[in-house]
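Read the figures in this text as sums done on the coordinates, not as results from a lab. This is a predicted model, so every value here is computed, not measured. Glycine also receives a Cβ, built like all others from the backbone with ideal geometry; neighbour counts cover every protein chain displayed.
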Amino acid sequence: MKKQFAIETVFVRFFLIVILSGCSKSTETYYPLKEGRTWEYQMAAGSMFGSKGTAKVILTNFAPRELKGKKVTPQKVDAGGQSYFTFISEDAEGIYEFATQPPGAVDPEIKANPN
């Protein structure tokens with residue numbers, strides 16, 4: 001289960017990089033952090049989700065909050081029958097994943113090196 005979570009996290013990071021690379025417009029145009037925004041992706045599953053074919057991945061933004069002194073936007077990620085949270089922050093450097101909360105975890109885990 002941890003391996004599956006790690007693989008799914010890699011794909012979410014990949015989407016962040018693809019969406020944000022080469023941005024010259026406002027980051028809100030490419031990666032909106034507004035509460036209530038939802039994205040749905042169909043991903044080629046391979047063995048990542050335990051079967052061949054495609055799998056649906058849904059990202060949903062929640063209301064901003066503070067986490068360890070940082071303003072973050074919680075994002076719920078539903079993938080492969082599991083849900084977990086990523087906590088996205090934005091500053092002068094750009095948008096990055098500040099923390100994650102794997103399935104079953106009580107508290108978010110702050111990233112030593114934010115993505």
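For this structure, a couple of remarks:
- Ranked by how many other beta carbons lie within 10 Å on average, peptides 74-81, 35-42 from highest: 74-81, 35-42
- Close amide H contacts of Lys111 (hydrogens built in the peptide plane, cut-off under 5 Å, sequence separation of 5 or more or a different chain): Ala99, Thr100.
- Residue by residue, region 36-43 carries 3J(HN,Hα) couplings of x, 5, 9, 10, 10, 10, 10, 10 Hz when phi is fed to the Karplus relation 6.51 cos²θ - 1.76 cosθ + 1.60 (θ = phi - 60°); x denotes Gly or Pro.
- Cross-link reach list, aspartates and glutamates versus Lys70, counting only Cα pairs under 12 Å and skipping chain neighbours closer than eight places: Glu90, Asp91, Glu97
- Estimated vicinal HN-Hα couplings, Hz - region 55-65 in sequence order (Karplus 6.51, -1.76, 1.60; Gly, Pro = x): 9, 8, 10, 10, 10, 10, 7, 10, 4, x, 8
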